Structures are given as C-alpha cells and as structure tokens.
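What follows is one structure encoded as structure tokens, with my remarks underneath.
The values are calculated or read from the model by the stated rules, or taken from the named source; none is laboratory data. Quick caveat, the model's predicted, so the values are computed rather than measured. Counting neighbours? That spans all protein chains shown, and the Cβs are built from the backbone with ideal geometry, glycine included. Note: accessible area is taken over every heavy atom of the protein model, side chains too, but ligands, DNA and RNA are not part of it. Shrake-Rupley method; radii C 1.70, N 1.55, O 1.52, S 1.80 Å.
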Amino acid sequence: MTAEPVLVIGAGVQGLTCGVVLAEAGWDVRVRTADRPRETTSAAAGAMWGPAQLRPADRVLYWVTRAHAEFLALARDESSGVHLATGRMAARFDLGEAVPTEARLIPDLRRCTPEELPEGFVSGYRGTLPLIDMPRYLDHLVARFLDAGGDLQRSPVQTLADAAAEASTVVNCTGVGARELVGDPGVQPVRGQGVVVRNPGIDEYFMELTDSADFAAYMPHGDHVVLGGIAEGQEWKLDVRPEVSAGIRRRCAAIEPRLAEAEVLDEKVGLRPWRESVRLEVERYEGARIIHNYGHGGSGVALSWGCAFEVADLVAG
Ligand SMILES: Cc1cc2nc3c(=O)[nH]c(=O)nc-3n(C[C@H](O)[C@H](O)[C@H](O)COP(=O)(O)OP(=O)(O)OC[C@H]3O[C@@H](n4cnc5c(N)ncnc54)[C@H](O)[C@@H]3O)c2cc1C
C-alpha cells in the first residue's frame, strides 16, 4: 500500500471511522479537527443503528447495511461501547404494513402486540439492534486509529485551499462545519439535546417514530441511559436548555416510570448535519482530490462504516 498521505478533516464518527478504515488499510493518515471527539455532535448522539430515511436511498441502503455488519462484530467486544439490545420502535399513528428495506436486517423484528405499546401509541415494532455508547465508542475509534499509526491533531482547517496545499487527497467529514468550509448552504443544523441518567435497571431501548420536533427515546448503556429527544431546525446554539431537558424527562417517564426519578449525570447538545442528500463524492480542487463525506442528518452513526468503506474505495481510486 502506498504511503501517500491522506488528510481527514473532522473527528466525529464519520472522520474517525474513515481514519480507522484508511489507516488500517495502510494509508498514512492525519486527522485534523476543530473539536475534541467527545465535544462533537457525534458524542451527543443516543445512539442506535437503525433504518435511515435519507437520500440517495439506494446508496443509503448500502451504507446502512455495511455498517450493520460492522456494529454486529463490534458488539462482541464489550470495550467498544457497542452492544445489542432489544426494544420497541413505536408511533402514535398507524405505521401500516410497509417497513424500510434495511429493517429486514433486524433478525427478530415483529409487530408489537397492543399490550406491548405504551399509552397513546397505536403501532410499533419490536426487535434487536446495535446500541452505541458514543463517548466510549469515539474513544475506541481514536485508540484504533492511533494503533494503526494515525496522527490526530486538534487544529481547525481554515479553508479548503489550505487543506489542498497540505495533502493531495483530503476527506472532508466536517458535519455542520461543511456549510462554512465548503460554502454549502444546503447544510442545515438540526439541534438535538439529550439527558444522561443513572440506569435504574433498564435494558431495553425505546424510540418514538414521528415527524414531530419533540419525541421520546431512551437507550440504555450499562450504568447509564441516554434520553431524548428533540429536533429543532435552523438552530445553531449549543446551550443546554432546562425546559427542553424537563420535556424529554417527562415524555420518557410517561413510557418508563423508572426514569422519572433517575439521577441526572449529564446533558448534551449536538447539531445534526441535515442536507437534502448525503454528499459523498470527489471534487477536484486546486490540484487535490477532496472527497466530501457530510450531511448525514440524524443517521451519521448508522451509516458510518458504509460511508467509510466507500471513501476508502475512492481514496484508492
Ligand atoms: C441528540 C442526537 C441524537 C442522535 N442520535 C443518533 C442515532 O441514534 N443514530 C445515528 O445514526 N445518528 C444519530 N444522531 C446523528 C449523528 O450524531 C450525526 O449524524 C453524526 O454525529 C454526524 O457525524 P459527523 O462526523 O459527520 O459530524 P460531527 O460529529 O459534527 O463531527 C464533525 C467534525 O468536524 C470538525 N470540523 C468542522 N469544521 C472543521 C474545520 N473547519 N476544521 C477542522 N475540523 C472541523 C468538528 O470539530 C468535528 O470533529 C444524533 C444526533 C443528535 C444531536
């Protein structure tokens, strides 16, 4: 394998996964990031692997399928922060018979019986899928990247021209930062907030399926549970809002009463990088190849390995 250096911009789940795949394939990789991995949007995610309602649909299906296989393998290593959990995905409206194609990857997926649905919910599915404890998982990715010889630097990239001057191959994984770095007005923030509580004994996840900005979701990770959620469009501010946390706790406790009094350990905010379509493509820029990989909205974890393998194919030409 050639030692030609590759510069990855961004150390969220996309940048780090690309860094791991490239470094483990023998490339000489430097990751430059404005924020520490645990300060990124990725660190604020719940997170679960699950069907992704994003475009382009055929490529998203491929990415999410490849990522599912990787997360299953990672779940065999407890230290990765990934584990398999059973739980419910439910809606306050009738979901109908159609399920997303990638839901077929959930081996035990079945409809909830009426008794299994919380009050106010009329339709849902039950199944086992990967849950990812993001702060621990990002640490795992950093360790793997460094073990493979990667170089991680906390230094923002000011312009794409600077990046192109530094390396002939650049992978742009800047999340919402792509709006400014690339000048892509199609990238919009969708603000999320989560509440981390001490686990009162929950081992099943719950995810409300809805288009509403306020919803209920909880994901257990051993000693703690991450509660959500909120999806506020066009909102750049990263302040923790007590009224939002209170609403999240109220909605989750209505479904799982043991969460009502659980001790709060942390509150997290992140900006989902929404775009009409994920941008994963090569651009020729000032003599360099820029491989853009951003705009994963609320599914950047679920797509991560599939995108990273495709980026590696593009790097290899
Ligand atoms: C509350 C919440 C819950 C979520 N739950 C899930 C879930 O269950 N499942 C799921 O799949 N997804 C979930 N998501 C979405 C997921 O978190 C994102 O899609 C994903 O984190 C995007 O990853 P990223 O690496 O592209 O961006 P980020 O994590 O934002 O990382 C961007 C990186 O780029 C760096 N950067 C930006 N600009 C520059 C620059 N100019 N120079 C250098 N570095 C720069 C940043 O410092 C950072 O390191 C959730 C999101 C939120 C907020």
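Touching a Ser or Thr at 6+ places or on another chain (Cβ under 9 Å), more than 25 Å from Gly270 (Cβ to Cβ) and aliphatic (A, V, I, L, M) - does that describe any residue in the stretch 19-30?
No, the conditions are met nowhere in the stretch 19-30.
Can you tell me how many residues within the stretch 249-285 are β-branched (Val, Ile, Thr) and out of contact with any strand residue (DSSP E or B) (no Cβ under 7 Å at 6 or more places or on another chain)?
So the count comes out to 1.
Which number in (1) more than 14 Å from the ligand (Cβ to nearest atom); (2) over 21 Å from Ile132 (Cα atoms); (3) at pLDDT 95 or above marks the one condition that Glu256 misses?
(2)
Take Asp184 and tell me if it is within 30 Å of Ser80 (Cα to Cα), open to solvent by 10 Å² or more (accessible area, probe 1.4 Å) and at pLDDT 95 or above.
no
Say whether the condition of being within 19 Å of the chain's Cα centre (by Cα), farther than 23 Å from Ile230 by Cα and at pLDDT 95 or above is met by at least one residue in the stretch 107-116.
No - not one qualifying residue is present in the stretch 107-116.
Considering only residues that are more than 8 Å from the ligand (Cβ to nearest atom) and either part of a helix (DSSP H, G or I) or closer than 22 Å to Asp139 by Cα (or both), which ones fall in the stretch 37-66?
Arg38, Ala57, Asp58, Arg59, Val60, Leu61, Tyr62, Trp63, Val64, Thr65, Arg66
Scan (1) within 23 Å of Ile230 (Cα to Cα); (2) open to solvent by 10 Å² or more (accessible area, probe 1.4 Å) for the single condition Tyr62 breaks and write down its number.
The single condition Tyr62 does not satisfy is (1).
Checking Trp305 against (1) open to solvent by less than 10 Å² (accessible area, probe 1.4 Å); (2) near the ligand (Cβ under 10 Å from one of its atoms); (3) not aliphatic (A, V, I, L, M), which test does it fail?
Among (1) open to solvent by less than 10 Å² (accessible area, probe 1.4 Å); (2) near the ligand (Cβ under 10 Å from one of its atoms); (3) not aliphatic (A, V, I, L, M), the lone unmet condition for Trp305 is (2).
Looking at the stretch 161-181 only, could you name the residues that are within 12 Å of the ligand (Cβ to nearest atom) and buried (at least 20 other Cβ atoms within 10 Å of the Cβ)?
Result: Ala163, Val170, Val171, Asn172, Cys173, Thr174, Gly175, Val176, Gly177, Ala178, Arg179, Leu181.
Would you mind stating whether Arg250 is closer than 19 Å to Thr86 by Cβ, open to solvent by 40 Å² or more (accessible area, probe 1.4 Å) and more than 14 Å from the ligand (Cβ to nearest atom)?
no
Report, by residue number, each residue of the stretch 75-123 that is touching a helix residue (DSSP H, G or I) at 6+ places or on another chain (Cβ under 7 Å), surrounded by 19 or more Cβ atoms within 10 Å (Cβ to Cβ) and closer than 14 Å to Tyr205 by Cα.
The answer is Val82, Arg88.
Quick check on the stretch 187-236: of everything there that is within 13 Å of the ligand (Cβ to nearest atom) and among the charged types (D, E, K, R), which residue is least open to solvent (accessible area, probe 1.4 Å)?
Arg191
Among the residues that make up the stretch 287-302, is at least one of them away from the ligand (no atom under 15 Å from the Cβ), in contact (Cβ under 8 Å) with a residue 12 or more places away in the chain and within 26 Å of Val190 (Cα to Cα)?
no
Quick grid of which residues meet (1) in contact (Cβ under 8 Å) with a residue 12 or more places away in the chain; (2) of a type in the set (Lys, Arg); (3) more than 30 Å from Pro37 (Cβ to Cβ):
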residue	(1), (2), (3)
Pro107	yes, no, yes
Cys112	yes, no, yes
Glu115	no, no, yes
Phe121	yes, no, yes
Tyr125	yes, no, yes
Thr128	yes, no, no
Ile132	yes, no, no
Asp139	yes, no, no
